[in-house]
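Since the structure comes first, as structure tokens, the remarks are kept for the end.
Values in this text are rule-based calculations from the coordinates and carry no lab data. If you're wondering where the values come from, they're calculated on a predicted model, not measured in any experiment. So basically every Cβ, Gly included, is an ideal-geometry build from the backbone, and we count neighbours across all protein chains shown.
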Amino acid sequence: MIAELLNATPIAFRIKPDLFESPDFYKIDDLLSEEQRLVRAAIRDFVKKEISPIIEDCAQKAYFPRHLVKKFGEIGAFGPTIPTEYNPNGGLDYIAYGLMMQEIERGDSGMRSTASVQGSLVMYPIYAFGSEAQRQKFLPKLASGEFLGCFGLTEPSHGSNPAGMETHFTDQGDHYCLNGAKMWISNSPYADVAVVWAKNEAGRIHGLIVERGMEGFTAPEIHDKWSLRASITGELVFQDVKVPKENLLPGISGLKGPLKCLDKARYGIAWGATGAAMDCYDTARRYASEREQFGKPIAGFQLVQKKLAEMLTEITKAQLICWRLGTLMNEDRATTAQISLAKRNNVEMALHIAREARQILGGMGITSEYPIMRHMMNLESVITYEGTHDIHLLILGNEITGLSAFRG
């Protein structure tokens, strides 16, 4: 009850200015349409006004700013690629979507998780695999932020091997009976809707829409995280949950269903991690120009310049990867392996830049006066979820050799 009251309205925050300036060394803006630039500008302004001023306090207090959910809906951050028939703010292309994720994660990885889970892992499967009745019932409310959604795939004993899932359901005539548990689920403690993947009696994987309030369905919060502290994370527990048959996603079966969703989410992560890297670089660049040692700004020393030059180089490479991948997504030509490359490379790049930026800031880099340590801790989760760093290497290895390393 106390947690519910705390999250019903914002707590008192320290207000901090956001001085971010975006690096664009290769003039990638020239490759963007006017609409894409306008979308980015709107989200950047939103982040500067709504997220950046409060996010350090949220992270320090492990507080999920639940009041932002409806604001995300108002700004069009939920499911922007879903057609306007189901989302009045939808109809955008994948580069515009990527730019939105870049700007939101520039503010905070946890906030990007909230948005990308809602759009890529909840709204997308309902749109792509759901019935027309399911689309009409859930998508508008998810798009507006009236409903918050979550995605149930990972289990306590099955992370990188989702095919081994134990969550299952049986046909009880007029309904399905769902049993099992999911773990490390973003948004789950406050989710109104959960897209859950489970096996039927034949061992075939299907998607089910589980709604808050169904008897036997609980979503306890996971506490004491050192990462994604402004994001709400929990479990999904199903004990003889009666799921109406009309809540089965009819358009897909097998593991390809959740994997298609993960492709969409991983694509957004590739852009989002680039945004976190951009924020760390910009913070380090400004700090180095102001911090004086030995009679001059530390930006004048060779080793600091080396770090900044390497940061800008890696960010530029990641920006180009994102733009090209976005073009392929718009043409419906992007492959799972191409998406894996972008997710793995850009998150690793961002984590390295966060660590280098922390070095430039010295002791100040570990304080909440600057975003570096928060980004670094967040990225430790981002490099693991939606496919670990090593799993994405093996996906690429399989693509290169034609030989799967996942099985004996």
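Peptide packing for 331-338, 121-128 was compared via the average number of neighbouring C-beta atoms within 10 Å per residue; ordered from the highest value, the list is 121-128, 331-338.
In this calculation the C-beta distance from Asp224 to Asp29 is compared with R0 = 35 Å, giving a FRET efficiency of 0.25. Only lysines eight or more places from Lys242 in sequence, or on another chain, were considered; those with a Cα closer than 16 Å are Lys199.
Counted as membrane-span-like here are DSSP H helices of the chain whose alpha-carbon atoms extend 30 Å or more along the helix's own axis and whose Kyte-Doolittle mean is -1.0 or above; these are 256-290, 302-330, 336-361. Using 0.36 nm per residue and subtracting the Cα-Cα separation, the extra length available between Gln359 and Ala42 on full extension is 110.9 nm.
Looking at Ile360, Thr316, Phe20, which one has the Cα that reaches farthest to the positive end of the dipole of the chain (charges on Cβ: Lys, Arg +1; Asp, Glu -1)? Result: Ile360, furthest along the dipole toward the positive end.
Net length available on complete extension from Thr313 to Ala202 is 34.9 nm, with 0.36 nm assigned per residue and the Cα-Cα distance removed. The packing ranking, built from the mean of other Cβ atoms within 10 Å per residue, places the peptides 274-284, 161-171 in the order 274-284, 161-171, highest first. Fully extending the segment from Ser253 to Glu132, taken as 0.36 nm per residue of separation minus the present Cα-Cα distance, adds 41.8 nm. Thr401 versus Lys242, label points 7 Å from Cα toward the beta carbon: distance in nm? Result: 5.2 nm between the two label points. With a simple spin-label model that places each label point 7 Å from the Cα along the Cα-to-Cβ direction, the separation between Arg212 and Arg324 comes to 4.3 nm.
From most to least packed by mean Cβ count within 10 Å, the peptides 70-82, 341-353, 96-108 give 96-108, 341-353, 70-82. Efficiency by 1/(1 + (r/R0)^6): what FRET value for Lys70 and Leu393, r their Cβ-Cβ distance, R0 = 41 Å, to the nearest 0.05? With R0 = 41 Å, the Cβ-Cβ based efficiency is 0.55. Pairs from the list Lys137/Lys225; Lys61/Lys264; Lys141/Lys260; Lys264/Lys307; Lys49/Lys306; Lys49/Lys182 with a Cα-Cα gap above 29 Å: Lys137/Lys225; Lys61/Lys264; Lys264/Lys307; Lys49/Lys306; Lys49/Lys182. Close amide-amide hydrogen proximity is noted between Met183 and Thr154, Glu155, Leu236, each under 5 Å apart and 5 or more residues distant or on a separate chain (H modeled in the peptide plane; Pro and chain starts excluded).
Only one item in [x] 66, 50, 43; [y] 80, 54, 42; [z] 63, 50, 39 matches Cα extents along the principal axes in Å derived from the coordinates shown, and that item is [y].
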